[in-house]
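Notes to accompany the following structure.
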């Protein structure tokens, strides 16, 4: 971490989260969640850092951090495959607070329309349900959950109809009708950036120690060139995710859909390429249940499918660009970055 | 990733107004550009256009005023370059001087060399080419054989450079030549020096080389006992490798490593039958622009982001090459309007150079691997 980031509250918090997860989020913890166990002590430790209310304004008792700061935390959560709905809780609390509903304590989740599978549904206390016009605070305890899971074994549960709605408030324009979907896409893009960085570190480390033909395999150009491609993809995912967070800080969730879509596409593409290279470098050992690599790669394969695939977002972006027309594409792209408005 | 970070940069203040200014200029000057001109962009050489760009103060923008520069920031320069490339402007006559020869002279040249050349570059009048590659020294540049010997009053240059872009149209070359054998135990790149070569000197033969496109974009330059004056040496005798390497960091990091095929992408937007490949390309492009700007910011701070520059060039070149290929998923090129077909044909043919010029893909990935600690 460079000196410029030490002063950044997001970097400080992400550093704390990273150290905590490095110490506490081991393979046994990751395996336990796949058996349906809730890692209570890990959740409690993360909660103590004040993460759930990180995005909630100070006036409502939160930390009042911005999305770039939160993004760093999302990346750290992804890097360690943290098996708790902390990102979802941060997002749900932010949405609730934005419509004037005080976020309740404990793990939260969020859903765009209730029909889809809710991340961590059976483990959370409340769900923020966005239907395009309102945010509703729903009691998760009264819901009958049908357990499901993504490829990585993370809970993705279906709710029976008829949960108890505790509060409802209209969605403001700045959040937009797709606030939950956009927020989840941003979270998954950041998590993928983190998981890619971690998988790259593992693969580079392994290439430096695993010996064949009398030398570390990382000495072979064939391996070096593959890992260089991986590094490029990981860096692109990181930059795309940070750009999206910056856009949300500047323009709000609704108006940042373009950058969020870019991040989800680029991170999703990087996930496919990076996971494949990581497994190629590790060989058979990386395919075993015992080796930790799959905790990262199965999450990468899961997260790229969630909150809008590359195809979904690319179709949206592509149609948006076509509506603008080719001559307006360049002015559009540059105006997204310029600080001073183009009349 | 140890030490590999791309901090986001903000566009410089006033960039929207600067972009509008450049767009108005390009709209006026670009009326007659054919698809082949726009498809080649910085592989196109147009002295009149370069003089017009110079008259607007858009060459040597960051240099001190006393050398004809504009004392503007590297990020403002980045904005102007992006606009030129997005429009497919034929910037080749001033591109090399602005990007690397001028900055090299600023850093290592004598006051006399700077006063003589920098204002002329900034006016768009002095065109430079890069004398690095030789018949037997491409990626393995340290194996070059062109040599310069001290003679009374100067240097005698013998040897051959090849694949030199626009050498037959340029005024000056900055050539890397051996001035002493690498000593026992010294690295192979010891004993190299850089020279300022006036391409009108006697003993220089320049033979344009026809590309597969039919154009003559590069050339072979032969030096047969060329007498260079004493002050042709740039920087320190024997320090040529370090100087040339610094030059390469500038050569690899600019927006021309991302935007070379942008005019083709823009031209395909309306006729694209499938928005998905289009959206994927646009997402990549938006991300790569941020990465390229990030490297420009590092350069502005005086850092030498060699690994980051290599990474952006590698990713950017792959994107540039993907544009003409992915376009074939977007639409049936054979049935496309003529203008688009010609642009596609042009970019398809020049695309192989995107991962060759300025360091091959394999060399770049080797640099990234070294950055990862693998070499």
Multiply the residue separation of residue A:287 and residue A:22 by 0.36 nm, subtract the distance between their alpha-carbon atoms, and state the gained length in nm to one decimal. 93.2 nm
Is the shape of chain A rounded, prolate or oblate, going by the alpha carbon gyration tensor and its root eigenvalues a ≥ b ≥ c, with a/c under 1.5 for rounded and a/b larger than b/c for prolate? oblate
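Rank the residues A:295, A:251 as a footprinting-exposure proxy: fewest other Cβ atoms within 10 Å of their Cβ go first.
Values: A:295 23, A:251 15.
Fewest to most other Cβ atoms nearby, the residues stand as A:251, A:295.
Would you mind ranking B:121, B:59 so that the residue whose beta carbon has the fewest other beta carbons within 10 Å leads the list? Don't skip to the end; give the middle numbers.
Working: B:121 28, B:59 31.
In order of increasing Cβ crowding within 10 Å: B:121, B:59.
Please label the shape of segment A:3-170 as rounded, prolate or oblate, based on the square roots a ≥ b ≥ c of the eigenvalues of the alpha-carbon gyration tensor (a/c under 1.5 means rounded; beyond that, a/b larger than b/c means prolate, else oblate). Write down the numbers at each step before the final one.
Details: a/c = 2.17, a/b = 1.17, b/c = 1.84.
Oblate, because a/c is 1.5 or more while a/b does not exceed b/c.
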Give the Rg/Rh ratio for segment B:228-347, taking Rg as the radius of gyration of the Cα atoms and Rh as the Kirkwood radius, to two decimals. 1.16
Per DSSP H run of at least 4 residues, take -39500 (n - 2.57); add these up for chain A, divide by its residues and hand me the 222 nm value, nearest 500 deg cm²/dmol. -18500 deg cm²/dmol
Using only the Cα atoms of segment A:179-337, construct the convex hull and provide its projected area averaged over every direction, in square nanometres to one decimal. 10.3 nm²
Could you estimate the translational diffusion coefficient of chain B from the Stokes-Einstein equation, with Rh from the Kirkwood formula over C-alpha pairs, at 20 °C and 1.002 mPa s, in whole µm²/s? 100 µm²/s
For the protein assembly as shown, what is the Kirkwood hydrodynamic radius in Å, using each pair of distinct C-alpha atoms? 27.4 Å
So what are the radius of gyration and Dmax for the Cα set of segment A:266-343, in Å? 18.6, 58
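Dividing the convex hull volume of the alpha carbon atoms of segment A:107-204 by its residue count, what do you get in Å³ per residue? Mind dumping the intermediate values first?
Details: hull volume 9.7 nm³, N = 98.
Per-residue hull volume (Cα only) is 99 Å³.
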Between the Cα axis of helix B:361-371 and the main Cα principal axis of chain B, the angle (0 to 90°, nearest 10) is 80 degrees
Taking the convex hull of the alpha-carbon atoms of segment A:271-315 and averaging its shadow over every direction gives an area in square nanometres of 3.2 nm²
Ellipsoid semi-axes in whole angstrom, largest first, where each is sqrt(5λ) of the Cα gyration tensor of segment B:312-365: 25, 11, 6
Any chance you could get the radius of gyration and Dmax over the Cα atoms of segment B:71-177, in Å? 15.7, 50
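Order the peptides B:294-305, B:38-49, B:240-251 from the highest to the lowest mean number of other Cβ atoms within 10 Å of their residues. Don't jump to the answer; show the numbers that get you there.
Values: B:294-305: 17.8, B:38-49: 22.0, B:240-251: 19.6.
Peptide ranking by packing, descending: B:38-49, B:240-251, B:294-305.
Report relative contact order for chain B in percent, whole number only (criteria: Cα-Cα under 8 Å, sequence separation at least 6).
Reported as a whole number, the value is 18 percent.
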Would you list A:294, B:29 from fewest to most Cβ contacts within 10 Å? B:29, A:294
In units of 2.2 N^0.38 Å, what is the alpha-carbon radius of gyration of segment A:174-259? 1.50
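Relative contact order of chain A: what whole-number percent is it, with Cα pairs under 8 angstrom and at least 6 residues apart?
Details: 614 pairs, mean separation 50.5, N = 343.
Once divided by the residue count of chain A, the mean separation gives 15 percent.
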Grab every C-alpha pair in segment B:130-240, bin the distances at 5 angstrom width from 0 up to the longest one, and report whole percents. 2, 13, 23, 25, 18, 11, 5, 2, 1, 0
To the nearest 10 degrees, how steep is helix B:15-29 against the longest Cα principal axis of chain B, on a 0 to 90 scale? 90 degrees
Hey, what D do you get for segment B:15-127 in µm²/s if you plug the Kirkwood alpha-carbon radius into Stokes-Einstein at 10 °C and 1.306 mPa s? 114 µm²/s
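The numbers here are math on the coordinates, done by the rules we state, and not lab data. Keep in mind the model is a prediction, meaning the values are calculated, not measured. Note that we place each Cβ from the backbone using ideal geometry, even for glycine, and neighbour counts take in every protein chain shown.
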